[in-house]
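Read through the structure below, which is laid out as structure tokens, and then see the notes.
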Amino acid sequence: MTLKARVIPCLDVKDGRVVKGVNFVDLVDAGDPVEAAKAYDAAGADELCFLDITASHEGRDTIYDVVRRTAEACFMPVTVGGGVRTVEDIRKLLIAGADKVSINTAAVTNPDFVREAAEKFGAQCIVVSIDAKQVNAPGEPEKFEIFTHGGRNATGIDAVEFARKVVDLGAGELLVTSMDRDGTKSGYNIALTRAIADAVPVPVIASGGVGNLDHMVEGIRDGHATAVLAASIFHFGEHTIQEAKHFMNDAGVPMRLDA
Amino acid sequence: MTIAIIDYGSGNLRSAEKAFERAARAHAHTPDVIVTSDPERVLKADRVVLPGVGAFADCKRGLWAVEGMPEALEQAVRKDGKPFFGICVGMQLMASRGLEFETIEGLGWVDGDVTAMEPADKTLKIPHMGWNTINLRPESHPVFKGLETGPDGLHAYFVHSFHFACARTEDRLATFDYAGTFTAMVAKDNMIGTQFHPEKSQRLGLELIANFLDWTP
């Protein structure tokens, strides 16, 4: 047997609170990211992702406390992303207990930051988060472009070339989000996921657009990702982690089903 | 029971500390888990844990930069025979040599070299990152009490690109398959080591730690 595909619930955190809340189990405090993390740990999630969307500078330190309390209570890997711009940001997150840190915009504006981070902390904890849209007209060869600022700003950078470049610089994993699918529930952009996964030797996490469990199977089987990230499908109780994992396993994707 | 987790600047140790505390309580031990860079406290502890993340050479230099620590480890583990648990690069450091970027001597407690993983299937991703099952050698070990191993057994969380190629198969307690057979755990005398992260491996990890705390070599 080889590595199992991973299911990664992602929690959006703002000023230390979960955005919109999580209502899939009876949590004492549905807005507390640590409560949600513990519930996902108990549910058998393979990994957890926090995306810090805190806008204000003053609020940014709240994530360290969230990560610290999560690492004390959860015995699974935790990745933290959002607003990571300096080596000091990474150092503080790792010291708080993050296993991996994901770099997004800073990798686009300053690719050398990826190299600096990987050399300092090791490739195994540096994830580069790639937000891309498919930009070719129908019938033309596939072309994917990097977008920043939540999909608003085009960069002109080819997503597959960028993926190769950041891996060469030391990224140990890529989180590939299809921005044209995010929030649509129409499934991952499989062409994008596969184009990047086949171009790089490191693991790829598919993200953006999950609406049902078939989409998660497609992300692994057709997109060649090794992990799938999802948010609302779990947070709003549509499916449990175990339902997703059993569904994927039954569909022929080997999963970790430890009781 | 005092459990000393050695702090030599190799990453965050809070998860390891909390995992040992939880595992100890689960098996009715009264845990006194200390994260320390003080060789005296290592010498006084009942059990010693050596964690490690990153590159072999960095970890080796970091450990040797703590004054008196290599000597304290040698005394506590090899001479006093305290139960020892190496985690990830902490386990790799038990080897004779590391061949990551440069050749560098390890603690030399278990014969073998730490070298780059080269799965036969070149499409497989490196690092070996994620959940894999482990295969126990025919002679089991007390730390596996009550744990299901093999292809249908429990999973361990790995993240590494280098592996411990043991010189003697009897030192290799468990393996994992990744288009090739690689060392998941070593065991020799009073020592065990895991390539995976027990503090991130949910049930398998916590039970393994609890069994280690029960174990009298």
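Every number in this text was worked out from the coordinates using simple rules, so none of it is lab data. This one's a predicted model, so the numbers in the text were calculated from it and none came from an experiment. Here the Cβ positions follow ideal geometry from the backbone for every residue, glycine too, while neighbour counts run over all protein chains shown.
Observations on the structure shown:
- Against the rule of thumb 2.2 N^0.38 Å, how large the Cα Rg of the stretch B:16-104 comes out: 1.14
- Segment B:D32..B:T181, full-extension length gain: 50.0 nm, with 0.36 nm per residue of separation and the alpha-carbon distance subtracted.
- Only helices enter this figure: runs of n ≥ 4 DSSP H residues, each worth -39500 (n - 2.57), summed and divided by the residues of chain A, yield -9500 deg cm²/dmol at 222 nm to the nearest 500.
- The length gained on full extension between B:D152 and B:A116, counted as 0.36 nm times the residue separation minus their Cα-Cα distance, comes to 10.2 nm.
- All-pairs alpha carbon distance profile, the protein assembly as shown, 10 Å steps from 0, percent: 4, 21, 32, 26, 13, 3, 0, 0
- Order of B:L208, B:L43 under a 10 Å beta carbon neighbour criterion, fewest first: B:L43, B:L208
- Unpaired cysteine residues in the protein assembly as shown (no second Cys Cβ under 4.7 Å): A:C74, A:C125, B:C59, B:C88, B:C166.
- Here the calculated FRET efficiency for A:N110 and B:E102, from their Cβ-Cβ distance with R0 = 22 Å, stands at 0.15, rounded to the nearest 0.05.
- Stokes-Einstein D for the stretch B:1-45, Kirkwood Rh over Cα pairs, 37 °C, 0.692 mPa s (µm²/s): 303
- A crude spin-label estimate for the pair B:R168 and B:Q75, with each label 7 Å from Cα along the Cβ direction, gives 2.7 nm.
- Translational D in µm²/s for the stretch A:92-190 (Stokes-Einstein at 37 °C, 0.692 mPa s, Kirkwood Rh from C-alpha pairs): 232
- Debye equation applied to the C-alpha atoms of the stretch A:161-259, log10 I(q)/I(0) at 0.16, 0.24 Å⁻¹: -0.65, -1.22
- Candidates per chymotrypsin sites (Phe, Trp or Tyr not before Pro) in the stretch A:162-259, loop by DSSP, up to 13 other Cβ within 10 Å: A:F236
- From phi via Karplus (6.51, -1.76, 1.60), per-residue ³J(HN,Hα) for the stretch A:86-92 in Hz, x at Gly/Pro: 10, 4, 5, 4, 5, 4, 5
- D_trans [Stokes-Einstein, Kirkwood Rh over alpha-carbon pairs] for the stretch A:1-112, 10 °C, 1.306 mPa s, µm² s⁻¹: 110
- Net dipole in debye of the stretch B:1-137 [+1 Lys, Arg Cβ; -1 Asp, Glu Cβ; about Cα centre; nearest 20]: 500
- Here the contact order of chain A, divided by its residue count and restricted to Cα pairs under 8 Å and six or more residues apart, works out to 18 percent.
- Under-5 Å amide H pairs with A:F147, H placed in peptide plane, nonlocal only: A:D131, A:A132, A:K133
- Kirkwood Rh, Cα atoms: Rg over Rh of the stretch A:90-148: 1.14
- The stretch B:122-217: chymotrypsin sites (Phe, Trp or Tyr not before Pro) in DSSP loop, at most 13 other beta carbons within 10 Å: none
- Between the amide H of B:G112 and those of B:S96, B:R97, B:A167, distances stay under 5 Å, these residues lying 5 or more places away or on another chain, with hydrogens modeled in the peptide plane.
- Applying the Karplus relation 6.51 cos²θ - 1.76 cosθ + 1.60 with θ = phi - 60° to the stretch B:36-47 yields 3J(HN,Hα) values of 9, 10, 9, x, 4, 5, 5, 5, 8, 5, 8, 9 Hz, where x marks Gly and Pro.
- For the stretch A:202-253, alpha-carbon Rg over 2.2 N^0.38 Å: 1.04
- Computed over every Cα-Cα pair of chain B and binned at 5 Å starting from 0, the pair-distance distribution P(r) comes out as 1, 7, 16, 21, 22, 17, 10, 4, 1, 0 percent.
- Pairs with C-alpha atoms separated by more than 31 Å, drawn from the list A:K4/B:K188; A:K120/B:K82; A:K100/B:K79; A:K185/B:K18, are A:K120/B:K82; A:K100/B:K79; A:K185/B:K18.
- Each residue of the stretch A:35-99 gets 77 Å³ once the volume of the Cα convex hull is shared out per residue.
- Karplus-derived 3J(HN,Hα) values for the stretch B:114-127, using 6.51 cos²θ - 1.76 cosθ + 1.60 with θ = phi - 60°, are 9, 10, 5, 6, 10, x, 5, 8, 6, 7, 5, 6, 10, x Hz; glycine and proline are entered as x.
- Additional length obtainable on full extension of the chain from A:D61 to A:S186, 0.36 nm per residue less Cα span: 41.5 nm
- The base-10 log of I(q)/I(0) for the stretch B:142-217, evaluated at q = 0.20 Å⁻¹, reads -0.92 [Debye formula, identical scatterers on Cα atoms, solvent excluded].
- Paramagnetic label reach from A:N153 (point 7 Å along Cα→Cβ; backbone nitrogen cut-off under 14 Å): within the stretch A:70-91, residues A:83-85.
- Helical contribution to [θ] at 222 nm, DSSP H n ≥ 4, -39,500 (n - 2.57), averaged over chain B, rounded to 500: -6500 deg cm²/dmol
- The convex hull defined by the C-alpha atoms of the stretch B:86-136 has an orientation-averaged projected area of 4.7 nm².
- Values of log10 I(q)/I(0), in the order q = 0.10, 0.15, 0.19 Å⁻¹, for the stretch A:20-175 under a Debye, Cα-only, solvent-free model: -0.40, -0.84, -1.16
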